[in-house]
Protein chains: 2
Amino acid sequence: MTEIETSCDPQQCREIGERCAVLNLRKAARLMTRLYEETMKPAGLLPTQFSLMVAIRAMDPVRMSQLAAVLAMDRTTLTRNLRPLERQGLVTTGPAAEDRRTREVRLTPEGQARLALALPLWRQAQTRVAERLGEARLSRLLADLQAVATTFLPE
Amino acid sequence: MTEIETSCDPQQCREIGERCAVLNLRKAARLMTRLYEETMKPAGLLPTQFSLMVAIRAMDPVRMSQLAAVLAMDRTTLTRNLRPLERQGLVTTGPAAEDRRTREVRLTPEGQARLALALPLWRQAQTRVAERLGEARLSRLLADLQAVATTFLPE
DNA sequence: GCCATATCAGTGCATATACACTCATCCCAT
DNA sequence: ATGGGATGAGTGTATATGCACTGATATGGC
């Protein structure tokens, strides 16, 4: 008779830990987040907040859903992630004139100044990563991460 | 005289979004998390919880700090991430006999059964990723992510 | 043996993440 | 013009993440 799998041996689990895409992605993300967080601390922006502001500035003004889609972030997560930035007066959101259901997100002048302040620190973190990981490996990693994004982003 | 950078143009921000390591890592992690979460839903384990149980089983029994180090997860984050698993009776923690400051983490028999239940679903998710991303690219990505881990893990 | 220090784990607080549900606005068919 | 479905955004709840701080136990110098 066939056996139903009711256990899982440790050696098998070690192999899974080596090969699991989500585990390794999240683990690397935690490490990278800490590195950027430490480096950019003087600018008073956490990595997610910096990323958000960069994305906003790239499309300024941009609607909530559009921004969420580009970042592959849930729309409701975006709503909450904008809160600390709004509280600090770095971004504003307001209903669009043409469609009052939508909200347009913008960087304030203070937000632009803060982002400009953070840019050199970001470059510093990025340079450190490139040095320690190697330019070639970093470029390859970024390309593969973008492949993940285009492959799994709901079109 | 030299100008202080007080603004940041949108085009520059688009380039930063393309090259930023932390942004692209977190974005890919969000997408991958959703894929595994959906696939493994029938087993009642979120991706982080599955990863945690795999890591525990690989070293069973394992001390809190040791587990946190392997996962590159803050020790206090680990404490809280174990809660839902303890509540479901899938893992237990208790002080080690030799040093009562430390706590040893173990999978319960129920935890082992649940992990065995989740394994085929994990394989299904992993296979889907390999198919859509390509075996070669996935292997390369995993190798680079592990390079990130070894490079930026403390000591 | 005893205290100073080091080490291990938990709490309080804040941010990050997303699903289910709700509310507001728009648009179209009648 | 209006009512009903479609679409955009927010809330409630739960998990994930980590820093600063606290409490508990071990250990070494005396």
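The values are calculated or read from the model by the stated rules, or taken from the named source; none is laboratory data. Remember, predicted model here, so these are calculated numbers, not experimental data. With ideal geometry, Cβ positions are generated from the backbone for all residues, glycine too; neighbour counts draw on all protein chains shown. Accessible surface areas use protein heavy atoms only, side chains included; no ligands, DNA or RNA. Shrake-Rupley method; radii C 1.70, N 1.55, O 1.52, S 1.80 Å.
The table below lists the values:
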read-out	value
Criterion violated by A:Tyr36 - all others in (1) more than 25 Å from B:Asp9 (Cα to Cα); (2) open to solvent by less than 10 Å² (accessible area, probe 1.4 Å); (3) not polar (S, T, N, Q) satisfied	(1)
Test result for A:Glu155, acidic (Asp, Glu) and modelled with pLDDT under 95	yes
Matching residues in the stretch B:127-136 - criterion: being on the phi < 0 side of the Ramachandran plot and within 9 Å of chain A (Cβ to nearest Cβ)	B:Val129, B:Ala130, B:Arg132, B:Leu133
Where a residue in the stretch B:79-106 is at negative phi and modelled with pLDDT under 95 and its partner, wherever it lies, is hydrophobic (A, V, I, L, M, F, W, C) and more than 12 Å from DNA strand D (Cβ to nearest atom), with Cβ under 9 Å and at least six apart	B:Gly94/B:Val105
Residue in the stretch B:88-95 that is within 7 Å of chain A (Cβ to nearest Cβ) and within 11 Å of DNA strand D (Cβ to nearest atom) present	no
Residue among A:Ala55, A:Ala29 that alone is more than 20 Å from A:Thr108 (Cα to Cα), of a type in the set (A, V, I, L, M) and assigned to a helix (DSSP H, G or I)	A:Ala29
So A:Arg114, is it within 9 Å of chain B (Cβ to nearest Cβ), away from DNA strand C (no atom under 13 Å from the Cβ), surrounded by 12 or more Cβ atoms within 10 Å (Cβ to Cβ) and charged (D, E, K, R)	no
Selected residue (only one of B:Gln146, B:Gln124 is closer than 18 Å to B:Thr48 by Cα, within 12 Å of chain A (Cβ to nearest Cβ) and surrounded by 12 or more Cβ atoms within 10 Å (Cβ to Cβ))	B:Gln146
Answer from B:Pro47, B:Pro84 - the residue that is more than 30 Å from A:Leu119 (Cβ to Cβ) and more than 7 Å from chain A (Cβ to nearest Cβ)	B:Pro84
Answer from B:Arg19, B:Arg30, B:Arg26, B:Arg106 - the residue that is open to solvent by 30 Å² or more (accessible area, probe 1.4 Å), facing chain A (nearest Cβ under 8 Å) and away from DNA strand D (no atom under 14 Å from the Cβ)	B:Arg19
Some residue of the stretch B:83-100 being under 30 Å from A:Asp144 (Cα atoms) and part of a helix (DSSP H, G or I)	no
Selection count, the stretch A:40-55, where residues are within 12 Å of DNA strand C (Cβ to nearest atom) and either touching a strand residue (DSSP E or B) at 6+ places or on another chain (Cβ under 7 Å) or open to solvent by less than 30 Å² (accessible area, probe 1.4 Å) (or both)	9
Only listed residue being under 29 Å from B:Leu52 (Cα atoms) and either within 12 Å of DNA strand C (Cβ to nearest atom) or in contact with a Cys (Cβ under 7 Å, 6 or more places away or on another chain) (or both), chosen from A:Glu37, A:Glu98	A:Glu37
Selection status of B:Ala58, within 8 Å of DNA strand D (Cβ to nearest atom), buried (at least 17 other Cβ atoms within 10 Å of the Cβ) and within 13 Å of chain A (Cβ to nearest Cβ)	no
Residue count for the stretch B:68-78, restricted to those that are assigned to a helix (DSSP H, G or I) and either within 19 Å of A:Leu23 (Cβ to Cβ) or touching a residue at least 12 places away in the same chain (Cβ under 8 Å) (or both)	7
Residues of the stretch A:63-103 satisfying the condition of being within 17 Å of the chain's Cα centre (by Cα) and of a type in the set (Val, Ile, Thr)	A:Val70, A:Thr76, A:Thr77, A:Thr79
